[in-house]
Amino acid sequence: MQKIMIADASAKQLADFAELLGIDGVDYRLGKAKIEEKMRAIMYDKDYIELPGEEPPIQRIEPPAAENKRRMATIMIPNQDRAGGTEPVPVAVNGRQLFIPRQSAQTIPWEYMHALDNAKKFVYETDENGTLKPNPAEVHEYPFSLLREDPAPDVEKVA
């Protein structure tokens, strides 16, 4: 609390204190004399007012910069000769989707590269008569080149 002599207080400070006292209809535009008169009317007989001190400015504390502990991979997905073959490739991991642009090296979290590696389809070949051959080939849905991969993190073995 900050003690201010009534003679030295501004009309704004007096109005704020009158509000703390519970006096209704007090505005700093009434002037110091009218506000002092209203304060005396409720038997305020001290020659000073107490106002809450100004709060110190709040300092923002920056969180420590997180080290990039996430395993990353750099890949390149080429364009394909099919519908949508030039559009970015959508890959989702645990409900979070990422669109990976084609024809350029992209550094992405390793788990997205792993999901892309697991996205495979079966391709059936036909013979000269147009009948399907019995053993299909398993190929990537979106072929990609792995340019760089972070090493696997060290995991302690529990005995």
Query raised in the report: If MET76 passes every condition in (1) farther than 30 Å from GLN103 by Cβ; (2) at pLDDT 90 or above but one, which one does it miss?
Result: (1)
Report summary line: Over the range 5-59, the set of residues among the charged types (D, E, K, R) and assigned to a loop (DSSP other than H, G, I, E, B) is ASP8, ASP24, ASP27, ASP45, LYS46, ASP47, GLU54, GLU55
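Quick grid of which residues meet (1) within 16 Å of MET72 (Cβ to Cβ); (2) in contact with a Ser or Thr (Cβ under 9 Å, 6 or more places away or on another chain):
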| site | (1), (2) |
| --- | --- |
| PRO90 | no, no |
| ASN94 | no, no |
| THR107 | yes, yes |
| PRO153 | yes, no |
Report task. Show the residue pairs that are 6+ apart or on different chains and have beta-carbon atoms under 7 Å apart, the first residue being within the range 120-131 and at negative phi and assigned to a loop (DSSP other than H, G, I, E, B), the second being at pLDDT below 90 and of a type in the set (D, E, K, R). Result -> TYR124/LYS133; GLU125/LYS133; ASP127/LYS133
Query raised in the report: Hey, does the range 60-71 have a residue that's surrounded by 15 or more Cβ atoms within 10 Å (Cβ to Cβ) and either at pLDDT 90 or above or not in a loop (DSSP other than H, G, I, E, B) (or both)?
Result: no
Query raised in the report: In the range 101-118, is there at least one residue being of a type in the set (D, E, K, R) and loosely packed, with under 10 Cβ neighbours inside 10 Å?
Result: no
Report summary line: In the set ALA83, ALA92, the lone residue that is out of contact with any Pro (no Cβ under 8 Å at 6 or more places or on another chain) and in contact (Cβ under 8 Å) with a residue 12 or more places away in the chain is ALA92
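The values are calculated or read from the model by the stated rules, or taken from the named source; none is laboratory data. Source: prediction; values computed, not measured. All Cβ positions, glycine included, derive from the backbone under ideal geometry; neighbour counts span all protein chains shown.
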